[in-house]
1. Each residue of the stretch 90-107 in order: what ³J(HN,Hα) in whole Hz does its phi give by Karplus 6.51 cos²θ - 1.76 cosθ + 1.60, θ = phi - 60°, with x for Gly and Pro?
2. Which loop chymotrypsin sites (Phe, Trp or Tyr not before Pro) in the stretch 313-359, with loop taken from DSSP, have no more than 14 other Cβ atoms within 10 angstrom of their Cβ?
3. Could you calculate the FRET efficiency of TYR264 with GLU183 from 1/(1 + (r/R0)^6), where r is the beta carbon distance between them and R0 is 45 Å, rounded to 0.05?
4. Chymotrypsin sites (Phe, Trp or Tyr not before Pro), restricted to the stretch 369-446: which are DSSP loop and have at most 13 other Cβ atoms within 10 Å?
5. Under a point spin-label approximation (7 Å from Cα along Cα-to-Cβ), what is the GLU308-SER381 distance to one decimal in nm?
6. What is the gain in length, in nm to one decimal, between TYR93 and GLU440 on full extension, counting 0.36 nm per residue of separation less the C-alpha to C-alpha distance?
7. Let me know the Rg and Dmax you get for the stretch 372-446 when you use only its Cα atoms, in Å.
8. With θ set to phi - 60°, apply the Karplus curve 6.51 cos²θ - 1.76 cosθ + 1.60 along the stretch 4-9 and write out the HN-Hα couplings as whole Hz, x wherever there is a Gly or Pro.
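Values in this text are rule-based calculations from the coordinates and carry no lab data. These numbers were taken from a predicted model, which means no experiment stands behind them. Cβ atoms come from the backbone with ideal geometry, glycine included; neighbour counts cover every protein chain shown.
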Amino acid sequence: MVRTETGWEGEWTAPFQSGLLTFTIEQAERIILETDLFPDKRKITEADYAQMIADILAEAAACFQHCGAHLKFDSSGFARKASLAQWDYIDRYFYRLQQWFREMQAKPLRRLSTTNQWIRRENVKHVTPALLAWSERHPSNGMSQEIPVPDLVWSGIREDTYSVYENRVVLRQLRELQHLLREYEAITIDAIRSKAGYYLDRVNGWLRSSFLQQLQPHVDPVVVSQVFRKQPIYRNWFSWFQQLYQFNEYSIGLKSSIPLKDTYHLYEIWVFMQMVKILRENGALLDTSDLFSLEQDGLVLNLSEKKESRIKLAGGGTLAYQRRFKPSTLDFVTYTHDMIPDIVLEVEGKLYIFDPKYRIDRNLPMALGEMHKYRDGIVRSTDGSRAVEEVYVITPADGSENSRLFDNDYKQKHRMGVYTLKPGEWDKELTIKLTDILRESVEAMS
């Protein structure tokens, strides 16, 4: 706002061009002005924004359950139950447990224990308080100079023992892990079942270790002792088992918050995840672990500008977000400058580029014109032949203007065009297009 000769003038831009604006002027008397802002049908609304966030996170969770994420993730809530999240933790970090047990087995915790019993006098090595007390109670058999020491005396024997609290807790934890691995060994997924059997054999071998023999597992509530708090090996071991059951809930979030003004960025991510959903429902997903990364706050979707994320598809194809093409890349190159299309589908050495554009209808011809640089400027590094088969713009616009760009005849003729994709609505044509690309690749392979 700025002050003018007649008062104050200003401008306020709403993120979604809808809602209620309240303006208060504090002068001698309070003046409140209210203005209704009507939605612009060419743009998405605030409800659409919330829907896109929900759709992105829902598909992220589905990808995680479908393929698993081979990395650590944020979790909370204690639960003694088997889960994909817990198995991922065991599979990724069992090698650490193996290393710590090897070190523990080499130098297990022990203490000096003294037990009193009848022993021969020549075997007495230490004059203990118990021996002195016994001699005072038995003067006839005592150690005076007048009366010789008897052949058998009641004395203490010192010996090392592994029966300490921490070792008994370790034994209890190993038996719990043994039981848990038997559960995973019984499930129907072959990859998990075979690995669980391998880990179970290792645990069974650990339970036969000499320092754990003759011990009874700890049965009372487990507390953090000074050894578990300070001794490096036992501390790491204890922390590993603490985390083992913290998978009642796990969360997946976005890499960073997306301001309302950056609706176009959120729309790009949403379109990508909608395409992932189409491919997943067609059984084409192979590995989606590249979608996720570990940040300080936990597991997040690793989708951001200029940060390539690529998922693997069945048959060797890929779907990439923000894939970079340079004059020096191995498979496909550019002969002008670096190019980073938003979404690139690669199937059988052919590229299909989809570019989400949060634009109104009248700007779509210009947006589609920009796609020529991708179709003509990205070539194969081997022979310089054109690598991009088709290019398309995806927009929330309904095609009331420039409707010819949305027609199937236009798309088939020019191998480019515009698809409509809006939150809360499903574009059947885009689904058919992706399905056709996958089917053609399968037919070409056969």
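1. With the stated coefficients, the stretch 90-107 comes to 4, 5, 6, 10, 5, 4, 5, 4, 5, 5, 5, 5, 4, 5, 5, 5, 5, 9 Hz.
2. On the way: sites: TYR321, PHE325, PHE332, TYR335, TYR352, PHE354, TYR358; in loops: TYR335, TYR358.
Within the stretch 313-359, the qualifying chymotrypsin sites (Phe, Trp or Tyr not before Pro) (loop, at most 14 other Cβ atoms within 10 Å) are TYR335.
3. Details: r = 47 Å, r/R0 = 1.04.
The value I calculate is 0.45.
4. On the way: sites: TYR374, TYR392, PHE406, TYR410, TYR419, TRP426; in loops: TRP426.
Within the stretch 369-446, the qualifying chymotrypsin sites (Phe, Trp or Tyr not before Pro) (loop, at most 13 other Cβ atoms within 10 Å) are TRP426.
5. Between GLU308 and SER381, the simple spin-label model gives 0.9 nm.
6. Numbers: separation 347, 0.36 × 347 = 124.92 nm, distance 4.13 nm.
Separation in residues times 0.36 nm, less the Cα-Cα distance, equals 120.8 nm.
7. In order Rg, Dmax, the Cα atoms of the stretch 372-446 give 14.5, 44 Å.
8. Calculated HN-Hα couplings, in order: 10, 5, 9, x, 10, 10 Hz.
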